[in-house]
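The values are calculated or read from the model by the stated rules, or taken from the named source; none is laboratory data. All of these numbers come straight from a predicted model, not from anything done at the bench. All Cβ positions, even for glycine, are placed from backbone atoms using ideal geometry, and neighbour counts span all protein chains on display. The accessibility values were calculated without ligands, DNA or RNA, using every heavy atom of the protein model including side chains. Shrake-Rupley method; radii C 1.70, N 1.55, O 1.52, S 1.80 Å.
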Amino acid sequence: MSLSQEEVDIERYVAEARPYILEALQSLGNVSNTCLKSVAEVIVNRAWEDIGYYRTAAAMCQIIAQKEYEQQVHDVIPTHTFRRSVMETCADIFKNHTELREHGINYWIEFIRFLSEIYSQIRSGTRGLRGIYDILFGALDVLTKPPCIAAFDEVELLCSVLRDVGHSLEVDSLDQMNNLIASLRDAFLEPQTEEWARGMLLEILELRASGWKLSPSVAEYYYGGSES
């Protein structure tokens, strides 16, 4: 995987971090653990602060994490500094998700999109970041509760993420998926849940019940065509 200079848009990072970001993307080289930690923090924070940047941020994390793994694969005690810092930064942001949402729902939504994107990208190969799904599960569960369940954009995001990576999440953690589906079911049955939200939640409940692949008739009902 590679990224263009336009995609990285290095000029929008703080000047002090730019050389370390570029070196980490190219070869890691002599980037110190302290600098790698800072690189992880600025990339993750830009993922939610810069609307639409989350895919690029996730790709950058995947590239650097893979290079770090390859560099340390034979180390007796690998440090995993970058990967650990990505997860710690994400965990800290999620810990303060209420404040993040109050700061701006768009920021909260972008953060969850980033979690879903980085989970999807690293799942196929990069080692050491698989624990990111714990944070993603936590964020998705928050979306099933008030006040998120009353906001169309957040319910739509919940359903979109589960359509995209629901099956993979279930494979990685069946217990957490069972708990999340229980939360969806509770939200669906909650009398105060709006009808439009109930319909969206029902789609996901049926999708999961059918093994994350809708039958042609159900797909026709929801999408007007077969679900591949």
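Does the range 22-30 include one or more residues that are in a loop (DSSP other than H, G, I, E, B), within 14 Å of GLU68 (Cβ to Cβ), modelled with pLDDT under 90 and open to solvent by less than 50 Å² (accessible area, probe 1.4 Å)? So far as the range 22-30 goes, yes, one or more of its residues are in a loop (DSSP other than H, G, I, E, B), within 14 Å of GLU68 (Cβ to Cβ), modelled with pLDDT under 90 and open to solvent by less than 50 Å² (accessible area, probe 1.4 Å).
Restricting attention to the range 31-57, the residues that are part of a helix (DSSP H, G or I) and farther than 20 Å from GLU68 by Cβ add up to 4. Among the residues making up the range 1-21, those that are open to solvent by 50 Å² or more (accessible area, probe 1.4 Å), part of a helix (DSSP H, G or I) and of a type outside the set (Phe, Trp, Tyr) are GLN5, GLU6, GLU7, GLU11, ARG12, ARG18, PRO19.
When residues in the range 31-49 are screened for being at pLDDT below 95 and of a type in the set (Gly, Ala, Ser), 1 of them pass. Taking first residues from the range 100-111 that are under 13 Å from ALA151 (Cβ atoms) and partners that are among the acidic types (Asp, Glu) and in a helix (DSSP H, G or I), the Cβ contacts under 8 Å between residues at least 6 apart in sequence or on separate chains come to ILE105/ASP153; ILE105/GLU154; TRP108/GLU154; ILE109/ASP153; ILE109/GLU154. The number of residues in the range 11-37 being touching a residue at least 12 places away in the same chain (Cβ under 8 Å) and touching a Phe, Trp or Tyr at 6+ places or on another chain (Cβ under 7 Å) comes to 3. Taken over the range 111-166, residues that are outside any helix (DSSP H, G or I), crowded, with 17+ Cβ neighbours inside 10 Å and modelled with pLDDT under 95 amount to 3. Considering only residues that are more than 17 Å from ALA139 (Cα to Cα) and touching a Leu at 6+ places or on another chain (Cβ under 7 Å), which ones fall in the range 169-201? Within the range 169-201, PHE188 is the sole residue that qualifies. Checking GLN72, GLN62 one by one, the residue that is surrounded by 14 or more Cβ atoms within 10 Å (Cβ to Cβ), among the polar types (S, T, N, Q), at pLDDT below 95 and under 24 Å from ASP9 (Cα atoms) is GLN62 and no other. Within the range 189-207, the set of residues being open to solvent by 50 Å² or more (accessible area, probe 1.4 Å) and either at pLDDT 95 or above or in a loop (DSSP other than H, G, I, E, B) (or both) comprises LEU189, GLU190, PRO191, GLN192, GLU194, GLU195, TRP196, LEU202.
If you filter the range 75-110 down to residues that are open to solvent by less than 70 Å² (accessible area, probe 1.4 Å), at pLDDT 95 or above and charged (D, E, K, R), you find that the one that is nearest to the chain's Cα centre (by Cα) is GLU110.
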